[in-house]
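Structure first, then comments.
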Amino acid sequence: MTEKATSTTKKPAARKTSTASKVSIPKEAKTERKPVVVKKRTFKPDDYVTVRNGFDGRLVYKSSKTGEKFVFERFGDEHDMEIQELKKARNDAKKFFANNWFLIDDPEVIEYLGLSEYYKNAFSYDEFDQLADMTADEIAERMTKVSEGQKIAIAHHARRMIAEGKIDSMRAITALEKGLGVQLIEH
């Protein structure tokens, strides 16, 4: 008779492994994030800045420093002015900025000159033509924030756009009239 050899010791049970434990997820390489340093532009007194007429009509600025006259014949006309001239204008004729008669498209120049308070809600030159694309609610909201000087320019511009058929919504026209405090069309 042959004896079958039986083992009295049990084999350890096979470990169940999932595919998730077999896949090793690489540890992310630790990278140090360096803060992004945004360099502010520096300006020299004799650097030139393009200034546009934000007044609907003839605008004249006479330099108290040099006596030079800057004559803007109509809305949107441009002159290149030196930074030092704009600083002088800021100190001597602040109304050109407070009423947004000088339109400066470069936000860094506005900040450098310390004029942000006057331009934070102002229409840029290009935004005047975007009046036609604004809803009545957008118009009403924006008109509460613009300067009194710019309201006059917007009213003149809106009248032209209405006459040309670019603004034809009665809701938009009514919002403009209410926000600007002027009558744009005869009712």
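The values are calculated or read from the model by the stated rules, or taken from the named source; none is laboratory data. Worth saying up front: this structure is predicted, and the values here are computed from it rather than measured. FYI the Cβ positions are ideal-geometry reconstructions off the backbone, even for glycines, and counts take in every protein chain you see.
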Worksheet item: For residue 145, which of the numbered conditions (1) exposed (fewer than 13 other Cβ atoms within 10 Å of the Cβ); (2) among the charged types (D, E, K, R); (3) in contact with a Phe, Trp or Tyr (Cβ under 9 Å, 6 or more places away or on another chain); (4) over 26 Å from residue 44 (Cβ atoms) fails to hold?
Response: (3)
Worksheet item: Is it fair to say residue 78 is within 21 Å of residue 43 (Cα to Cα), in the same structural domain as residue 53 (by TED's automatic domain parsing), under 21 Å from the mean Cα position of the chain (by Cα) and of a type in the set (D, E, K, R)?
Response: yes
Item to complete: Considering (1) closer than 22 Å to residue 181 by Cβ; (2) at pLDDT 95 or above, say which one residue 123 fails and leave the rest.
Response: (2)
Worksheet item: Within the set of pairs 6+ apart or on separate chains, which have a first residue in the range 106-117 that is among the hydrophobic types (A, V, I, L, M, F, W, C), a second that is part of a helix (DSSP H, G or I), and C-beta atoms under 7 Å apart?
Response: 110/116; 110/119; 113/86; 113/87; 113/90; 115/90; 115/97
Fill in: Among the candidates 166, 87, residue that is outside any helix (DSSP H, G or I) and surrounded by fewer than 18 Cβ atoms within 10 Å (Cβ to Cβ)
166
Item to complete: Those residues that are within 12 Å of residue 54 (Cα to Cα) and surrounded by 12 or more Cβ atoms within 10 Å (Cβ to Cβ), I need them from the range 120-140; list them, please.
Response: 122, 123, 124, 125, 127, 128
Item to complete: Tell me which residues, restricted to the range 98-127, are assigned to a helix (DSSP H, G or I) and under 17 Å from the mean Cα position of the chain (by Cα).
Response: 107, 108, 109, 110, 111, 112, 116, 117, 118, 119, 126, 127
Response to the item:
Note on the range 94-105: residues free of Cβ contacts under 8 Å to residues at least 40 places away in the same chain and surrounded by 19 or more Cβ atoms within 10 Å (Cβ to Cβ) are 96, 97
